[in-house]
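Undergrad: One structure, pasted below without further comment.
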Amino acid sequence: MKGTVMRSTGSFYDVLAEDGKKYNCRVRGKIRLEGIKETNPVAVGDYVIIDLEHEIGSITEILPRHNHILRQSVKKTGHSHVLAANIDQALLVVTLALPRTSLGFIDRFLVSAEAYRIPQIIIFNKRDLLVEEEAIYVNQLINLYESIGVTCFSTSAHQDDLVEVRKILQNKVTLIAGHSGVGKSTLLNRIAPTISQAVGDISTFSEKGMHTTTFAEMFPLDNKTYVIDTPGVKEWGLVEMSEQELSDYFPEMRDLRLECKFGARCIHINEPKCAIIDAVQNEKIAISRYQSYYSMVLGEDNRK
Ligand SMILES: Nc1nc2c(ncn2[C@@H]2O[C@H](COP(=O)(O)OP(=O)(O)OP(=O)(O)O)[C@@H](O)[C@H]2O)c(=O)[nH]1
Ligand SMILES: [Mg+2]
Ligand SMILES: [Zn+2]
C-alpha cells in the first residue's frame, strides 16, 4: 500500500496510508535513494510503499522525491540530513534575540530551498519583544528579502491572529524550520489550536535553545493543507556545491552574472569587470547577501 510519512522518530515512522489510516512502521532492509548519503534515509513527507503483513508495518520502498530540504550534518562529515521531502514551500522562523538568528543562517537556509526552487517564507517572530530600533531593522530585512522574492511577515505568536500567515499556508505542504526557541510550535498552535504541540518554557530558556520539539511531524490543517513542525536546528551546513550552482541560488545574482567579463568562469570574488561586485558597490545587491555568498564560496565555517 502507498502512504505518506507523517512523523519520524529516527527508528519508527507514522505513515498515513491510502486507506486513511495511520500505521506505525519501521524500515526493513536497506533502502536508500540513489547518490545521497543521508543520516536519515526516510524523511517526513516521503511517499513510501508499506508492507502490513506483520504486526509492525515496514517501509519497503521510497518513491521518487519531487524535492527535499537538505542540510549538511555537523557530526558526520559528508553526510546530510533531510529535514523534509516533497514540500511546496519552506517557512523559516527567525528572531533577533532569544535566540538570535544570523543573516548567514538565513541565507544558507534560503540557498538550500532555492536549490530545488522551493518558494521561501520568512517569519520574523517575537515582534512584541523588539525595541524601536530593532523593529526598524526588521523592516529593513523584510524589504531586503521581499526584494529577492521571499514572502516575509513580522509576527508575535502571542498577540497576533495570524490571518495572513494562515492564508499563505492554504492548500500547500509547508515545512517550518528555524533555531530552537524561535516559536515554531507556538505559531503552529496559534494557527491551528487543534495541534497543541508542546511549547518551551520561557523561564528555563537559554540562548542555546532547549529543543522542545524532538521529532519532525506533519499535521493536516485541512485535507489539502499540511504543515511540518521540525526540531530546532543549531547550525545550517550547506551541502557541497560548485560556485556556479551557488550564484544560481542567489536570485539577485542569477541574471546579472551573465554580464561578468569572464562569463561563467567568474566566481565574483576578485575578478575584473565583475557585474556582481559592481552591483554590490552600487548597492543593487545587499552587502550582507554578498558576504553570505562570499563565505559560502570560501567554505568558511560559520554555520550558525
Ligand atoms: N514574547 C514572545 N515569546 C514567544 C513568541 N513566540 C514564542 N514565544 C516563546 O518562545 C518560547 C519557545 O517557543 P517554542 O514554540 O517552543 O519554540 P520552537 O521554535 O518550537 O522550539 P523547538 O521546538 O525547541 O525547536 C516559548 O516560551 C514561547 O512562549 C512571541 O511571539 N513573543
Ligand atoms: Mg517546537
Ligand atoms: Zn562576476
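Undergrad: Name every residue in the range 140-160 that is open to solvent by 20 Å² or more (accessible area, probe 1.4 Å), of a type in the set (A, V, I, L, M, F, W, C) and part of a helix (DSSP H, G or I), in order of residue number.
TA: We begin by selecting, within the range 140-160, every residue open to solvent by 20 Å² or more (accessible area, probe 1.4 Å); these are 140, 142-144, 146-149, 151, 153-154, 158-160.
Cutting the leftovers down to of a type in the set (A, V, I, L, M, F, W, C) gives us 142, 144, 148, 153.
Once the filter is applied, which keeps residues that are open to solvent by 20 Å² or more (accessible area, probe 1.4 Å), of a type in the set (A, V, I, L, M, F, W, C) and part of a helix (DSSP H, G or I), the range 140-160 yields I142, L144.
Undergrad: Moving on to the next point. Just a yes or no: is a residue in the range 245-253 modelled with pLDDT of 90 or more, within 16 Å of the chain's Cα centre (by Cα) and more than 16 Å from ligand 3 (Cβ to nearest atom)?
TA: Here is the first cut: in the range 245-253, the ones modelled with pLDDT of 90 or more are 245-253.
Checking which are within 16 Å of the chain's Cα centre (by Cα) leaves us with 249-250.
So of that shortlist, the ones also more than 16 Å from ligand 3 (Cβ to nearest atom) come out as none.
The answer is no; no qualifying residue exists.
Undergrad: Look at the range 165-193 and say how many of its residues are more than 14 Å from ligand 1 (Cβ to nearest atom), in a loop (DSSP other than H, G, I, E, B) and under 20 Å from I69 (Cα atoms).
TA: Residues flagged as more than 14 Å from ligand 1 (Cβ to nearest atom), in a loop (DSSP other than H, G, I, E, B) and under 20 Å from I69 (Cα atoms) within the range 165-193 amount to 2.
Undergrad: Sticking with this one: For the range 123-139, name all the residues that are open to solvent by 60 Å² or more (accessible area, probe 1.4 Å) and polar (S, T, N, Q).
TA: Residue satisfying the conditions is N139 alone.
Undergrad: Kindly indicate whether S288 is more than 16 Å from ligand 1 (Cβ to nearest atom), surrounded by 14 or more Cβ atoms within 10 Å (Cβ to Cβ) and of a type in the set (S, T, Y). Talk me through it step by step, then tell me what you get.
TA: Values: more than 16 Å from ligand 1 (Cβ to nearest atom): yes; surrounded by 14 or more Cβ atoms within 10 Å (Cβ to Cβ): yes; of a type in the set (S, T, Y): yes.
So S288 fits the description; yes.
Undergrad: Checking P119 against (1) more than 18 Å from the chain's Cα centre (by Cα); (2) surrounded by fewer than 18 Cβ atoms within 10 Å (Cβ to Cβ), only one condition comes out false. Which one?
TA: Single failed check for P119: (1).
Undergrad: Same structure, new question: Which ones in the range 238-266 are in contact with a Ser or Thr (Cβ under 8 Å, 6 or more places away or on another chain) and either within 16 Å of ligand 2 (Cβ to nearest atom) or aliphatic (A, V, I, L, M) (or both)?
TA: L238, V239, M253 - these are the residues of the range 238-266 that are in contact with a Ser or Thr (Cβ under 8 Å, 6 or more places away or on another chain) and either within 16 Å of ligand 2 (Cβ to nearest atom) or aliphatic (A, V, I, L, M) (or both).
Undergrad: Right, here's the next one. Between residues in the range 174-199 that are on the phi > 0 side of the Ramachandran plot and residues that are among the small types (G, A, S) and within 8 Å of ligand 2 (Cβ to nearest atom), which pairs lie under 7 Å by C-beta distance while being six or more apart or on different chains?
TA: G178/G232; G181/G200; G181/G232
Undergrad: Do you know which residues across the range 250-278 are touching a residue at least 24 places away in the same chain (Cβ under 8 Å), in a helix (DSSP H, G or I) and open to solvent by less than 20 Å² (accessible area, probe 1.4 Å)?
TA: Within the range 250-278, M253, I276 qualify.
Undergrad: Tell me which residues, restricted to the range 161-193, are open to solvent by 30 Å² or more (accessible area, probe 1.4 Å) and not β-branched (V, I, T).
TA: D161, E164, R166, K167, Q170, N171, K172, N189, R190, P193 - these are the residues of the range 161-193 that are open to solvent by 30 Å² or more (accessible area, probe 1.4 Å) and not β-branched (V, I, T).
The values are calculated or read from the model by the stated rules, or taken from the named source; none is laboratory data. What you see is a predicted model, and the numbers here were worked out from it, not measured in a lab. Note that each Cβ is placed from the backbone with ideal geometry, even for glycine, and that neighbours are counted across all protein chains shown. Ligands, DNA and RNA are stripped out before the accessible areas are found, and what is left, the full protein with its side chains, is counted by its heavy atoms. Shrake-Rupley method; radii C 1.70, N 1.55, O 1.52, S 1.80 Å.
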